[in-house]
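Q: My questions all concern the structure below.
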Amino acid sequence: AGRDGNRKLGSLYDILPSSTTETIRPIGEWNTALIVSKGNKVEHWLNGKKVLEYDKSSEAYKEAFALSKFKDVSGFGKREKGHMLLQDHGNKVFFKNIKITKL
């Protein structure tokens, strides 16, 4: 079920919750998302508002990660290259205009 809303839009799934209450658009309208990752620092943006910021080397991140279902996944969140995962939980979900830019 997740802890403290860490499985909602904009969150780092099952690890850290986002603060999206005022930024989510109604069903039928598009949301825009941006994830900025540079070194250990990561920001999640939703509809132009920062909804989550974390440092993967911080104690807060390490503690949240240790409580997640990913804690036993070797190399989780440490790869610099790889594939992007888009997920859903059985509901219809649509993605468009996905872009990846190297900073």
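The values are calculated or read from the model by the stated rules, or taken from the named source; none is laboratory data. What you see is a predicted model; the values in this text were computed from it and never measured. So basically every Cβ, Gly included, is an ideal-geometry build from the backbone, and we count neighbours across all protein chains shown. Protein only, heavy atoms only, side chains kept; ligands, DNA and RNA dropped before computing areas. Shrake-Rupley method; radii C 1.70, N 1.55, O 1.52, S 1.80 Å.
Q: Can you name the condition, by its number, that residue 10 falls short on among (1) over 13 Å from the mean Cα position of the chain (by Cα); (2) closer than 26 Å to residue 101 by Cα; (3) surrounded by 13 or more Cβ atoms within 10 Å (Cβ to Cβ); (4) in contact (Cβ under 8 Å) with a residue 40 or more places away in the chain?
A: Of the numbered conditions (1) over 13 Å from the mean Cα position of the chain (by Cα); (2) closer than 26 Å to residue 101 by Cα; (3) surrounded by 13 or more Cβ atoms within 10 Å (Cβ to Cβ); (4) in contact (Cβ under 8 Å) with a residue 40 or more places away in the chain, the odd one out for residue 10 is (1).
Q: Please state which one of 56, 49 is of a type in the set (Lys, Arg) and in contact with a strand residue (DSSP E or B) (Cβ under 9 Å, 6 or more places away or on another chain).
A: Working: 49 fails: in contact with a strand residue (DSSP E or B) (Cβ under 9 Å, 6 or more places away or on another chain).
Result: 56 is the single residue among 56, 49 that is of a type in the set (Lys, Arg) and in contact with a strand residue (DSSP E or B) (Cβ under 9 Å, 6 or more places away or on another chain).
Q: Filter the stretch 30-53 for residues that are open to solvent by less than 80 Å² (accessible area, probe 1.4 Å) and part of a strand (DSSP E or B) and give the result. Write out each step before concluding.
A: Of all residues in the stretch 30-53, those open to solvent by less than 80 Å² (accessible area, probe 1.4 Å) come to 31-32, 36-37, 39-40, 42-48, 50-52.
36, 37, 42, 43, 44, 45, 46, 50, 51, 52 - these are the residues of the stretch 30-53 that are open to solvent by less than 80 Å² (accessible area, probe 1.4 Å) and part of a strand (DSSP E or B).
Q: Looking at the stretch 20-29, which of the residues that are surrounded by fewer than 11 Cβ atoms within 10 Å (Cβ to Cβ) and of a type in the set (D, E, K, R) is nearest to residue 7 (Cα to Cα)? So that I can check it myself, show each step before the final result.
A: Step one: filter the stretch 20-29 for residues surrounded by fewer than 11 Cβ atoms within 10 Å (Cβ to Cβ), giving 21-22, 26-29.
From what is left, the residues that are of a type in the set (D, E, K, R) are 22, 29.
On the way: 22: 17, 29: 21 Å.
Taking the candidates together, the pick is 22.
Q: I'm checking my understanding of the structure. Among residues of the stretch 54-71 that are in contact with a helix residue (DSSP H, G or I) (Cβ under 8 Å, 6 or more places away or on another chain) and open to solvent by less than 90 Å² (accessible area, probe 1.4 Å), which one is nearest to residue 11 (Cα to Cα)? First the steps, then the outcome.
A: Within the stretch 54-71, the first condition is being in contact with a helix residue (DSSP H, G or I) (Cβ under 8 Å, 6 or more places away or on another chain), and the residues that meet it are 54-55, 71.
Going one step further and asking which of them are open to solvent by less than 90 Å² (accessible area, probe 1.4 Å), we end up with 54-55.
Details: 54: 11, 55: 14 Å.
Of everything passing the filter in the stretch 54-71, 54 is nearest to residue 11 (Cα to Cα).
Q: Against the condition without any contact (Cβ under 8 Å) to a residue 40 or more places away in the chain and either more than 27 Å from residue 97 (Cα to Cα) or assigned to a loop (DSSP other than H, G, I, E, B) (or both), how does residue 27 come out, does it pass? Talk me through it step by step, then tell me what you get.
A: Working: without any contact (Cβ under 8 Å) to a residue 40 or more places away in the chain: yes; either more than 27 Å from residue 97 (Cα to Cα) or assigned to a loop (DSSP other than H, G, I, E, B) (or both): yes.
Yes: the conditions hold for residue 27.
Q: Still on this structure, please answer the following. All but one of (1) of a type outside the set (A, V, I, L, M); (2) modelled with pLDDT of 90 or more; (3) more than 18 Å from residue 4 (Cβ to Cβ); (4) loosely packed, with under 14 Cβ neighbours inside 10 Å hold for residue 81; state the number of the condition that does not hold.
A: All conditions are met except number (2).
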